[in-house]
Amino acid sequence: MTRSLALSTLDPADLTQVDAAVRFIGSHDSTRVLAAMVPDLTDGQRAAVAAHCRLAHAAVLVFPPDLDALDEALATHDITAGPPVPSVVVRQRLATRHGLPADTLALSIVHAAVPAGDGTPCEIEIFALVDAPEEVAAAERAATHEAHVALATGPVDSVTLTGLRALLTGPGRLRSDGGGYNEHQDSTVLYFAGTGPVRPQYRRLELFVAGHHPEVLDTHLADTTDPATRLLRLLTGAWATQALAAAAELGVADRLAVAPGCTAADLARQTGTHPDALVRLLRYLTDLEVVRPVADGWTLTETGALLATGADRSLHPLARLYGGYFYESFAHLGYAVQTGRTAFDHHFGEHHFDYFAAEPDRAALFDDAMAAGAAMFGRVGHLLDCAGATTVVDIGGGNGELLAGVLHANPRLRGVLFERAVTLEQARPSLRAAGLLDRCELVAGDFTATVPGGGDIYLLSRVLHDWDDEQCRTILRRCAAAMPAHADLYIVERLLPESGADSLAPAWDLHMLCNVGGRERTFGHYGTLLEAAGLTLLGQRRLPLDFALLHAVRR
């Protein structure tokens, strides 16, 4: 089955494609294909897909002078091709990509039986474009857009098909890459492409489904965007940041929170904004799924509600911070990447901690933003092992939002908030308003120099990611020295994934480089830092927003 293809009149590049497809099928089955092409799925998720799908074919696009030349190439492999079938989906893709009328492309699909690696029936699928324009053939051979591997399923109902697609595009991290219905074969095809690390020889996966599934196909095609469109959406991400910040700062979100359905004219009058300009902002916020039109007015979505100041778990101060000071410094990200130095310091002339502490308004905004993030960790107090504990020490705990949550969840605990003096002044009224000031001791200090002793539980929430490894080891050694032998240390940090799993952490890692000078880390990296400080990392619990609660003790 692997004799030379030299006798064929196909172009050598096309011969290589056919030969590679035959060898791929002969060495793979559905399990191996899924492991290679969708490595981000867990074993259980991969088994769920494999239970409904089988390896159907490997596909290539070639450009023979006629279909007889293709028969000659397959004959050298002792393979006999079936009758050609007109192409619908791929022909339209080629026409769109090269700006040609689809009816001018003589594209056929040829199937030839080849056993899979596990001996089950399989095929190679060859798209044969006869008499192709030279520039089209050259471009397609270079890019191999249409080379793919197909899994077949069916007949299945739309619910099952929707679930399979959700696994591939969700935890599988594949993106929609087109598809269609071929009436000649009565089949629906959904194409997927990788979004993470480069996949192996075949980077596109086809899900071949018997029958017509228009609703699933429509959803799949709606999620399909060409590379230029995807890149433009990424390039305009800064516009989204500013639109969200404007909605927060101008009071648009606040007003819609108390008056859902407010007309644009009323909203403009109440927020002091230009009516036409406000409508244009609202239109973009609709595209971002932050607001939605209702009748003659507008209302906040569940996501947009978090921009309002009075909302539960409001992220209003984060919108202002990210759209303001951090937005400015991110304009100098190139400097940070070139030098390894912090862009914030370069732009504002001093480290961000010193810069925000220098002015009361800045300090209040920063502390409010950190508190807004900490409010997301309300369940931390229920995850701590507080048996026998009486005192919890929150090191660098900001305005006490996290500590307040822990004390509310554990009425027998008393708290120590260890922070800079200027931040403690922000924390005092917050703890008083929460009815917890009498259960708290506010201690001013620098955790790089010393940490209060005598606690049963120590908290380090979003502290270590602010510092380099050397300073982290110093901070952790201070903690270890202060902790009694029985004490527990709990660390809240956003973890970089050990694999290619989807996560917010890589973006925040870049943020730490640009604005703070620290970094995000993997679970294993934190284990190494703790070990060097005389502490042992016992495990982790997942928190919202891709954070984790790490648990450590003294060795």
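The values are calculated or read from the model by the stated rules, or taken from the named source; none is laboratory data. Worth saying up front: this structure is predicted, and the values here are computed from it rather than measured. Ideal geometry is used to build each Cβ from the backbone, glycine not excepted, and the neighbour counts take in all protein chains shown. Accessible surface areas use protein heavy atoms only, side chains included; no ligands, DNA or RNA. Shrake-Rupley method; radii C 1.70, N 1.55, O 1.52, S 1.80 Å.
For the stretch 82-216, the convex hull drawn through the C-alpha positions has a volume of 133 cubic angstrom per residue. If R0 is 56 Å, what FRET efficiency do you get for R280 and A75 from their C-beta distance, rounded to 0.05? In this case the efficiency is close to 0.30. Once you have a ≥ b ≥ c as the square roots of the Cα gyration tensor eigenvalues for the stretch 1-125, tell me rounded if a/c is under 1.5, and otherwise prolate or oblate according to whether a/b is larger than b/c. Cα axes put the stretch 1-125 in the oblate bin. For S503, the solvent-accessible surface computed with a 1.4 Å probe is close to 30 Å², ligands and nucleic acids excluded.
With a/c under 1.5 counting as rounded, go ahead and sort the stretch 47-115 into rounded, prolate or oblate using the C-alpha gyration tensor (a ≥ b ≥ c being the square roots of the eigenvalues; past the cut-off, prolate if a/b is larger than b/c, else oblate). Note, shape of the stretch 47-115 comes out oblate. With each label modelled as a point 7 angstrom along the Cα→C-beta vector, the D131-E249 pair spans 6.2 nm. Counting only protein heavy atoms and a 1.4 Å probe, the chain has 46 square angstrom of accessible area per residue. When E146, E401, E498 are compared by accessible surface with a 1.4 Å probe, the order from highest to lowest is E498, E401, E146.
For R521, nonlocal amide neighbours, meaning residues 5 or more places apart or on other chains whose placed amide H falls under 5 Å from its own, are L496.
With Cα atoms as the point set, the chain shows a radius of gyration and Dmax of 29.6, 90 Å.
Based on Cα atoms of the stretch 326-369, Rg over Rh with Rh as the Kirkwood radius reads 1.03. Between F523 and H98, the distance separating the two model label sites (each 7 Å from Cα on the Cα→Cβ line) works out to 5.0 nm. Shown is the FRET efficiency for L383 and R292, computed with R0 = 51 Å from the Cβ-Cβ distance and rounded to the nearest 0.05: 0.90. Using a Förster radius of 25 Å, what is the FRET efficiency between A421 and A259 based on their Cβ-Cβ separation? Nearest 0.05, please. Step by step, r from the Cβ atoms, then E = 0.05.
Residue-normalised convex hull volume from the C-alpha trace of the stretch 512-555: 83 Å³ per residue.
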